[in-house]
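Asker: Below is the structure I would like to discuss, written out as structure tokens.
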Amino acid sequence: MAQGARNVRVVRVTPQGVRARRDRVVVEEPLEIRINGQAFATTMRTPGHDYELIHGFLFSEGVISSSDDVLSMQYCAGRTTIRKPEDLIPIANRTAGTRSGIGGDVGGTSNASTLTSKGGIYSESTLASKSGFGGASTESTLASKGSISGTWAQEIGGLAGGTFGAQVSGHNTYNVVNVRLAPHVEWESAARNVAGNSACGVCGSTSIERVLGRRHGVLESVSLDPQVILGLPDALAQQQQLFRRTGGSHGAALFTLSGELLRFREDVGRHNAADKLIGSFVMSNQVPLGETMLVMSSRASFELVQKAVMAGIPAVASLSAATSLAVELATASGVALAGFIRAERFNLYAGELARPVNA
């Protein structure tokens with residue numbers, strides 16, 4: 001059983017009758033992100049690609065500008081594993097290894113593998129899946145990402161006396177990650193912004209100004225090929241293995257403007273799926289992502305367009321509708337935004353088409 005899904009007992013009600021059976025549901029668990037030991041944010045996600053998710057989230061919030069701003073990341077262990085802070089090894093200096101445990105690709109069953117080059121885009125490594133969550137696990141690492149910026153390792157370790165992320169039994173839940181940032185990274189103000197996103201006095205125009213003020217560069221406008229847009233639902237559906245099993249996950253994919261799939265991620269949350277996707281490129285210092293398109297199975301919200309702007313992605317396409325603030329941000333930032341994509345039609349909310357169509 002892939003770790004992204006779990007069997008539960010359900011009562012199926014149909015015109016033919018009522019019967020009990022087992023069914024698969026998508027796994028949803030909290031991930032608490034700590035920076036330098038202090039709580040920063042918590043999100044509900046499908047476990048797997050957690051380090052990508054954190055990189056993507058911190059990048060889209062303007063906390064980090066590259067993977068070089070991150071000195072180390074590690075799960076906060078339960079009482080079964082304790083380490084002193086001075087024993088923590090910067091990610092760039094660690095040696096890659098293997099384990100059987102949590103943290104791998106949805107559907108993955110292999111041990112840790114290296115990130116490999118594929119036409120300039122580096123494919124994501126996978127870690128083995130395990131039966132159940134919160135069980136004891138041996139130390140693991142995420143394999144190296146090639147020659148881009150040294151070796152990365154995803155190590156299961158603990159903070160001094162750490163009981164964070166532990167069950168009553170002391171087993172690690174792998175739901176708390178501590179991030180150690182470089183000394184020059186100023187993250188406290190970002191923490192206040194994350195905590196105050198729903199505070200009084202924050203309006204749409206203020207939110208747009210914040211994004212435009214934090215972006216890493218001005219986007220070059222692109223035009224969208226209608227035939228490419230119309231083919232996206234089928235192309236995305238082919239990748240959504242977890243959704244086919246559970247019906248409860250969102251997909252995020254990066255395509256070239258000509259319709260070539262570069263990478264795909266899936267999660268119970270649409271924002272998390274986008275963060276995992278973008279974070280995988282942040283980790284290998286491949287942003288900004290010009291001449292590409294973020295494709296989402298969900299609606300196009302303000303936050304998703306924000307993530308595209310921060311990553312330098314000039315186009316966003318969603319299978320559902322766009323929100324008003326998403327349209328405003330796309331227009332202000334130069335992002336081409338398409339939505340409500342069906343077999344023969346779609347809405348263009350912002351941007352231009354590559355060729356004229358009838359009004």
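Asker: It is to be established whether one or more residues within segment 196-218 are modelled with pLDDT under 80, more than 22 Å from the chain's Cα centre (by Cα), aliphatic (A, V, I, L, M) and assigned to a strand (DSSP E or B). Show your work before the answer.
Answerer: Here is the first cut: in segment 196-218, the ones modelled with pLDDT under 80 are 196-205.
Checking the rest, the ones that are also more than 22 Å from the chain's Cα centre (by Cα) come to 199-205.
Right, trim to aliphatic (A, V, I, L, M) and you get 199, 202.
Cutting the leftovers down to assigned to a strand (DSSP E or B) gives us none.
Checking segment 196-218: not a single residue is modelled with pLDDT under 80, more than 22 Å from the chain's Cα centre (by Cα), aliphatic (A, V, I, L, M) and assigned to a strand (DSSP E or B).
Asker: Inside segment 162-195, can you point out the residues that are modelled with pLDDT under 80, among the aliphatic types (A, V, I, L, M) and not in a helix (DSSP H, G or I)?
Answerer: ALA166, VAL168 - these are the residues of segment 162-195 that are modelled with pLDDT under 80, among the aliphatic types (A, V, I, L, M) and not in a helix (DSSP H, G or I).
Asker: Mind listing whichever residues of segment 1-34 are open to solvent by 50 Å² or more (accessible area, probe 1.4 Å), under 30 Å from the mean Cα position of the chain (by Cα) and among the hydrophobic types (A, V, I, L, M, F, W, C)?
Answerer: Within segment 1-34, MET1, VAL25 meet the criteria.
Asker: Also: Under the condition of being on the phi > 0 side of the Ramachandran plot and touching a residue at least 40 places away in the same chain (Cβ under 8 Å), which residue from segment 308-359 is farthest from the chain's Cα centre (by Cα)?
Answerer: If we filter segment 308-359 for residues that are on the phi > 0 side of the Ramachandran plot, which is where we start, we get 312, 334, 340, 351.
Restricting the remaining residues to those that are touching a residue at least 40 places away in the same chain (Cβ under 8 Å) gives 312, 334, 351.
Numbers: GLY312: 16, GLY334: 23, GLY351: 25 Å.
By that ranking, first place goes to GLY351.
Asker: Same structure, new question: Among the residues of segment 273-305, what is the count of those that are closer than 20 Å to MET44 by Cβ and either open to solvent by 10 Å² or more (accessible area, probe 1.4 Å) or of a type in the set (Phe, Trp, Tyr) (or both)?
Answerer: 4
Asker: From LEU254, LEU262, grab the single residue that is at pLDDT 95 or above, within 14 Å of the chain's Cα centre (by Cα), under 19 Å from GLU52 (Cα atoms) and not acidic (Asp, Glu).
Answerer: Within the list LEU254, LEU262, the selection yields LEU254.
Asker: Could you tell me whether segment 316-336 includes any residue that is part of a helix (DSSP H, G or I), touching a strand residue (DSSP E or B) at 6+ places or on another chain (Cβ under 8 Å), surrounded by fewer than 24 Cβ atoms within 10 Å (Cβ to Cβ) and of a type in the set (A, V, I, L, M, F, W, C)? Before the answer, list the steps.
Answerer: Here is the first cut: in segment 316-336, the residues part of a helix (DSSP H, G or I) are 324-333.
Among the residues that remain, those that are also touching a strand residue (DSSP E or B) at 6+ places or on another chain (Cβ under 8 Å) are: 326-327, 330-331.
Now narrow it down to the ones that are surrounded by fewer than 24 Cβ atoms within 10 Å (Cβ to Cβ): 327, 331.
Cutting the leftovers down to of a type in the set (A, V, I, L, M, F, W, C) gives us 327.
Yes, segment 316-336 contains at least one residue that is part of a helix (DSSP H, G or I), touching a strand residue (DSSP E or B) at 6+ places or on another chain (Cβ under 8 Å), surrounded by fewer than 24 Cβ atoms within 10 Å (Cβ to Cβ) and of a type in the set (A, V, I, L, M, F, W, C).
Asker: Something else about it: Evaluate the following for ALA39: is it of a type outside the set (Asp, Glu) and either surrounded by fewer than 19 Cβ atoms within 10 Å (Cβ to Cβ) or touching a Pro at 6+ places or on another chain (Cβ under 6 Å) (or both)?
Answerer: In short, yes.
The values are calculated or read from the model by the stated rules, or taken from the named source; none is laboratory data. Keep in mind that this is a model prediction, so the values were computed, not measured. Cβ atoms come from the backbone with ideal geometry, glycine included; neighbour counts cover every protein chain shown. Only protein heavy atoms, including side chains, enter the accessible area calculation; ligands, DNA and RNA are left aside. Shrake-Rupley method; radii C 1.70, N 1.55, O 1.52, S 1.80 Å.
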